[in-house]
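Quick notes on the structure that follows.
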Amino acid sequence: MDNENSNEELDNQQTTLGQPLSDFLLQLEDYTPTIPDAVTAHFLQSSGFEPKDPRLLRLISIAAQKFISDIANDALQHCKMRSSNNTSSHSTSKGKGSKDRRYCLTMEDLTPALAEFGITIKKPQYYV
């Protein structure tokens, strides 16, 4: 009798542990990532991987979107720090609030952001 109860508890525990994953997979079908599935499929096929399950393709698209988003966010933080250092040293800009400030993604900000993810980039000689 104890053996049957432990088997039922184990089955109930496995269904509750797998429930968030199945819910996530259902939500994955309805979500449209920024990077289209066709683009992700093209790059996966060019690298020699052909996913059979479209949910896996969608999951890889979302992971790539998050990776790009993290890099862009880090570059924005570098830009804000750099611009705040420049404005504190050059306190001649009066009247302009920081709310209407526009930022521009530059290699100067992107290089350290990519370095945090282990990606090193160097400018070609003709840009120096």
Legend entry - Spacing of the two label points (7 Å from each Cα toward its C-beta) at Glu29 and Thr111, in nm: 4.8 nm
Legend entry - Relative packing of 38-44, 20-26, 54-60, which averages over residues the other C-beta atoms within 10 Å, highest first: 54-60, 38-44, 20-26
Inset, instruction - Note down the net charge around Asp109, summing +1 for each Lys or Arg and -1 for each Asp or Glu among other residues with Cβ under 10 Å from its Cβ. - result: 0
Legend entry - Residue order for Cys79, Cys104 - accessible surface, 1.4 angstrom probe, largest first: Cys104, Cys79
Inset, instruction - At 7 Å along the Cα-to-beta-carbon direction for both Asp70 and Phe49, put a label point, then send me their distance in nm to one decimal. - result: 1.5 nm
Inset, instruction - Starting from the Cα-Cα distance between Leu56 and Ile121, subtract it from 0.36 nm times their residue separation and give me the gain in nm to one decimal. - result: 20.4 nm
Legend entry - Solvent-accessible surface (1.4 angstrom probe) belonging to Met81, in square angstrom, nearest 10: 110 Å²
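The values are calculated or read from the model by the stated rules, or taken from the named source; none is laboratory data. Everything numeric in this text was worked out from a predicted model, so none of it was measured. Counting neighbours? That spans all protein chains shown, and the Cβs are built from the backbone with ideal geometry, glycine included. Surface accessibility is based on the protein's heavy atoms, side chains included, excluding ligands, DNA and RNA. Shrake-Rupley method; radii C 1.70, N 1.55, O 1.52, S 1.80 Å.
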